[in-house]
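Engineer: Here it is, the structure, as structure tokens.
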Amino acid sequence: MSAALVAVPSAFRDRLPDPVASHWGPSGAPDGAMSFGGFVTFHVVLWAAIAGVCLSIAVRAGALRRRYARGRIGAALGAGACLALGLQALSLNANLDRARWEQAGTVGWRVVPLIAAALLAGWIGHLAARPGPDERPEGGEPPLALHLDPGQRAVWVSSVSAPWASAMAIVGLVAAGAIALGAVLGLPGALWITAAALVVIGLAGLALSSVRVKVSPEGLRISFGPLRWPSRHVPLEKIEKAWVERRRPSEVGGWGFRGLPGRATIMLRGGECLVVRYTSGGELGISIDDATTGAALLTALKTPAPPPA
């Protein structure tokens, strides 16, 4: 990849101005330039930074043994390679056969298909990297062993909140109210669209600002937001097992609801997570306080009580 980023512009060096246009302003006209050597170095360093971050994640203990981690690394490498090559190709095309960098052509709309190509390359990289074993940690040694007597009913409830999400949601809703007021007072009607978008974003942020988890003989119930809505119930018979796992936002793709159905994490803070595996094979991780007790109770509820002597 680095060789291609050096070889391709070198093959066209005689047809390029020096310095070459390297930056384009909002009008589409070039407004910055760098030497040919700096131009080549920039794209090589860009690719090296992308590959270096992916490599640092890959060499971390156990990273490549997890299918989802390999998929994300493959997606980053695929999209990063496409972006590095594509950005260089766009710049070369705009500078080709120009006497001075100020005469370089525009890039403009060509960035749109480049972004689409990068997304496609990321998807292909994700698929290419996923095959192979998927070694999933089961939480190490069980920290708690609970025993329930026949007829005994036990319930575990825990919650966690993200103040930053609540603050962002409130800011979005306040901004939506201010914009809507402006629209009522006669400002452009298009403001209603902005206000509606901010309301949706604010309500979504408010719903994901906290999560409450309840484990009972009926199964697992996950509720979101201050109103505990929306809520999801997973019957006990649909849960195969539960354990505790430490996860970080960087490992699952950030904060909020991350991943895809069948392999998802509700991430409001890094650290201890309650992880359940469904009988269908899917998994759900929830960053929650006292996850150890929740996993232990789910395990106890799944284990039939021994018959009385």
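Engineer: For a Förster distance of 35 Å, can you work out the FRET efficiency between the beta-carbons of Leu120 and Val45, rounded to the nearest 0.05?
Structural biologist: Numbers: r = 25 Å, r/R0 = 0.70.
FRET efficiency, Leu120 to Val45: 0.90.
Engineer: For Glu102, tell me the accessible area in Å² from a 1.4 Å probe, rounded to the nearest 10.
Structural biologist: 80
Engineer: For Lys241 and Ala196 in one chain, what is 0.36 nm times their gap in residues minus the Cα-Cα distance, to one decimal in nm?
Structural biologist: Extending this stretch completely gives an extra 12.0 nm.
Engineer: Between Arg15 and Leu96, what is the label-point separation in nm under the 7 Å Cα-to-beta-carbon projection?
Structural biologist: 0.5
Engineer: What nm distance separates the two modelled labels at Phe36 and Val171, each placed 7 Å from Cα along Cα→Cβ?
Structural biologist: 4.7
Engineer: Can you show me the helix-derived [θ] at 222 nm for the chain, built from DSSP H runs with n ≥ 4 at -39,500 (n - 2.57) apiece and divided by the number of residues, rounded to the nearest 500. Spell out each step's value before the answer.
Structural biologist: Values: 8 runs with 136 residues, N = 309.
Result for the chain: -15000 deg cm²/dmol, rounded to the nearest 500.
Engineer: Mind giving me the nanometre distance, one decimal, between the label points for Val53 and Val234, set 7 Å out from Cα along Cα→Cβ?
Structural biologist: 3.0
Engineer: While we're looking at this one, here's another question. What is the gain in length, in nm to one decimal, between Ser161 and Leu227 on full extension, counting 0.36 nm per residue of separation less the C-alpha to C-alpha distance? Don't skip to the end; give the middle numbers.
Structural biologist: Numbers: separation 66, 0.36 × 66 = 23.76 nm, distance 1.29 nm.
Gain on extension, Ser161 to Leu227, equals 22.5 nm.
Engineer: So what is the diffusion coefficient of region 193-302 in µm² per second by Stokes-Einstein at 37 °C and 0.692 mPa s, using a Kirkwood Rh over Cα pairs?
Structural biologist: In µm²/s, the coefficient rounds to 227.
Engineer: Which sequence of Ile124, Ile222 reflects their accessible areas, 1.4 Å probe, from the largest down?
Structural biologist: Largest accessible area first, the list is Ile124, Ile222.
Engineer: If I take R0 = 25 Å and measure r between the Cβ atoms of Leu148 and Tyr278 in this structure, what FRET efficiency does the formula 1/(1 + (r/R0)^6) give, to the nearest 0.05?
Structural biologist: Details: r = 22 Å, r/R0 = 0.88.
E between Leu148 and Tyr278, to the nearest 0.05, is 0.70.
Engineer: Next question, about the same structure. Which one, Ser35, Ile50, Ala69, projects farthest toward the positive side of the charge dipole computed for region 1-119 from Cβ point charges (K/R +1, D/E -1)?
Structural biologist: It is Ala69, whose Cα lies furthest towards the positive end.
Engineer: If you roll a 1.4 angstrom probe over the protein chains with everything in place, what fraction of the accessible area of region 201-249 belongs to carbon and sulfur, to the nearest %?
Structural biologist: The nonpolar share, carbon plus sulfur, comes to 59 percent.
Engineer: Let's test this: bin the Cα-Cα distances of the chain at 10 Å from zero up to the farthest pair and state each bin's percent.
Structural biologist: Once binned at 10 Å, the Cα pair distances of the chain give 6, 19, 20, 21, 17, 10, 4, 1, 0, 0.
The values are calculated or read from the model by the stated rules, or taken from the named source; none is laboratory data. Values in this document were obtained by computation on a predicted structure and should not be read as measured data. Note that we place each Cβ from the backbone using ideal geometry, even for glycine, and neighbour counts take in every protein chain shown. Ligands, DNA and RNA are stripped out before the accessible areas are found, and what is left, the full protein with its side chains, is counted by its heavy atoms. Shrake-Rupley method; radii C 1.70, N 1.55, O 1.52, S 1.80 Å.
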